[in-house]
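Derivation of every value follows stated rules applied to the coordinates shown; laboratory data play no part. Keep in mind that what you see is a predicted model, and the values were worked out from it rather than measured. So basically every Cβ, Gly included, is an ideal-geometry build from the backbone, and we count neighbours across all protein chains shown.
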Amino acid sequence: MNIIRQWRTLHIIKHHPLPYFLWREVTKGLPLVQCRSIKERARLRLLSTLFLHKKTFTGAGGLTISNEMAITIASQACIPILHLGLNSYDGWVEIILYPGAFEVKRNITDENGIVHRQTSGLSGESWQRGPVIFSWQDIKRDSDHVMKGHQVVIHEFAHKLDMLSGRANGMPPLHPDMSLNDWSITLNEAWHHLKDNLIAHRPTYLNSYAATNPAEFFAVLSEFFFTAPDSLKSHRPKLYAQLAAYYRQQPSTPKNID
Ligand SMILES: [Zn+2]
């Protein structure tokens, strides 16, 4: 970190920390934050303070951003980077929040080359070097009560980490002590295994959305890693090991998960 940046960071932490009562009020209802140790929660508050200074929040569809909304997003967005650092979220600044699912219109080309205009309702979306867009309704649902493998904030920010290596392709920049080969083989095998099971109508451990492409596989896998780490570790130990090495942490399982 260069000197100016380091000074600014220290200045923000010292003079503009997130007030503790506000932090406590919002995060006491977030199982993903509460399952962390005291030390980790202190680090999360610090990272969230810096996150809130660096990022801008824009309400869309008539939504006014409240402290609850900003802290709910910041505190959970900082869980994946707890041991990676806030620089992992460099290169973009804006978070756009809609009250509910937002409509996206896209052109889809089918197997016959015919282009269809498709409209879909989304709960979250990450743009390369651009904003992260969310539905507050979906964030609230996933944040108040942890469902195994479902956490829209973790999902979209996992895409942001993935995009650090260029376009999202399920391969974020790995650490020097990690093997590119081990990562590719482990995630590829698991992705093909999931697709085979879905085609054969066999039950699958991971949510079927993970089969969409390698980028979605990494994002859904990250949701599992942070919402149900013990389950992932016992059912898919190799996948768990790769994610623990990448995120540089071994999360605890939140209480009362579905
Ligand atoms: Zn996604």
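Below is a table of values for the structure above.
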| item | result |
| --- | --- |
| Tensor-based shape of segment 142-208 (alpha-carbon gyration tensor, a/c under 1.5 rounded, otherwise prolate or oblate) | oblate |
| Peptide ranges 214-224, 26-36, 174-184 listed from the most packed, as the mean C-beta count within 10 angstrom indicates | 214-224, 26-36, 174-184 |
| Extreme residue, positive dipole direction of segment 1-154, given options N87, T58, I108 (C-beta unit charges) | N87 |
| Helix 152-162 axis, angle to the chain major axis (alpha carbon atoms, nearest 10°) | 80 |
| Acute angle (nearest 10 degrees) that the helix 180-199 long axis makes with the longest principal axis of the chain, alpha-carbon atoms | 60 |
| Selected from I154, I108, I199 as most flexible by GNM, with the chain as the system and alpha-carbon contacts under 10 Å | I108 |
| Partner aspartates and glutamates for K195 [C-alpha distance under 15 Å; skip if fewer than 8 residues away on the same chain] | E216 |
| Mean separation of Cα contacts under 8 Å (6+ apart) over length of segment 3-247, as relative contact order % | 16 |
| Cα gyration tensor category, rounded, prolate or oblate, for segment 114-243 with a/c compared to 1.5 | rounded |
| Which of Y240, Y205 has the fewest Cβ neighbours within 10 Å, and the rest in rising order | Y205, Y240 |
| Length added when fully stretched, D144-L180, from 0.36 nm per residue minus Cα-Cα | 9.4 nm |
| Compactness of segment 3-247, expressed as Rg and Dmax over alpha-carbon positions, Å | 18.5, 60 |
| Inter-label distance for I108 and E68, nm, one decimal - labels placed 7 Å from Cα along Cα-to-Cβ | 3.5 |
| Under Karplus coefficients 6.51, -1.76 and 1.60, residue-wise ³J(HN,Hα) of segment 24-30 in Hz, glycine/proline x | 5, 4, 7, 7, 5, x, 10 |
| Lys, Arg +1 and Asp, Glu -1 on Cβ, resulting dipole of segment 132-186 about Cα centre, debye, nearest 20 | 160 |
| Unit charges on C-beta of K, R, D, E only; dipole of segment 3-247, Debye | 780 |
| Rounded to 5, the percent of DSSP beta bridges in the chain classed as antiparallel | 60 |
